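To keep things clear, I will list the structure first and then write my remarks on it.
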Amino acid sequence: TAYLIGRVVDDQGDPVKVMDIEAQGPRRSVVSTDLEGNFKLGVVAGNWTIGLDPDNAWEQNLVSYRSAPITVTGGNDVTNLTYIAKRATRQLTVIMRDNLGRPVPNVDLWLSTPWQNTQPNNYSVSIEGDDNGTAVIGVLPGQWNINVDQSDLAYLGYAQVANRSVTI
């Protein structure tokens, strides 16, 4: 076992406290940052990326993205990593209604920016709509793809819907 050791700060340099950060590679590893934004993720040899957990980053008005690949060899730790979390600067409200205008409650949404060579990061956020079919999400300016969890719709008895794209 090796470790990815570092710190999460926001774009102002302030520590991101008590936030789940995850490493994805040969397996998935998740820990919460401490009160200074520090983390220590247990990993094995291989290529990894790190990012905030998109399921809870929005709770601190943050937008998640995956880091550049980090290579771990043998049991060697990779230290002094800094993940700079972006604070959302815009707000997007998604309201889900059926064809009779009734709320479609508790459906998961996955939002992401399209990957482009000119854009260094592919941002993402995940949120569940409330009992009234509404989700309020912090985002950054740009184009966002909105993907609806089709299995949530099916569970509620609704047909599949097309994903959408919006520009903020």
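The values are calculated or read from the model by the stated rules, or taken from the named source; none is laboratory data. All values reported here derive from a predicted model rather than from experimental measurement. Note: accessible area is taken over every heavy atom of the protein model, side chains too, but ligands, DNA and RNA are not part of it. Shrake-Rupley method; radii C 1.70, N 1.55, O 1.52, S 1.80 Å.
On a C-alpha basis, how far is the centre of segment 1-19 from the centre of segment 20-58 in Å? Whole number, if you could? The two parts, judged by their Cα centres, are 9 Å apart. Take every Cα pair under 8 Å whose residues are at least 6 apart in sequence, average their separation, divide by the length of segment 1-91, and the relative contact order is 37 percent.
The overall shape of segment 1-55 is prolate: from the C-alpha gyration tensor, with semi-axes ordered a ≥ b ≥ c, the ratio a/c is 1.5 or greater and a/b exceeds b/c. Across the chain, the mean sequence separation of Cα contacts (distance under 8 Å, 6 or more residues apart), normalised by length, yields a relative contact order of 20 percent.
So what does log10 I(q)/I(0) come out to for segment 77-168 at q = 0.16, 0.19 Å⁻¹, using the Debye formula with one equal point on every Cα and no solvent? The calculated log intensity ratios at q = 0.16, 0.19 Å⁻¹ are -0.71, -0.91.
For Leu81, the residues whose modelled amide H falls within less than 5 Å of its own, excluding neighbours fewer than 5 places apart on the same chain, are Ile5, Gly6, Arg7.
Computed with a 1.4 Å probe on the full set of protein chains, the accessible area for Val104 sits at about 10 Å². Think of it as helices only: each DSSP H run of n ≥ 4 in the chain is worth -39500 (n - 2.57), and spread over all residues that comes to -1000 deg cm²/dmol at 222 nm. Residue order by solvent-accessible surface for Asp149, Asp131, Asp98 is Asp131, Asp149, Asp98, largest first, with ligands and nucleic acids left out and a 1.4 Å probe.
How many percent of the alpha carbon pairs in the chain exceed a separation of 30 Å? Mind dumping the intermediate values first?
Numbers: 3474 of 14028 pairs.
Of the Cα pairs, 25 percent sit more than 30 Å apart.
Per residue, the chain exposes 54 Å² of accessible surface when a 1.4 Å probe is rolled over the protein heavy atoms with every protein chain present.
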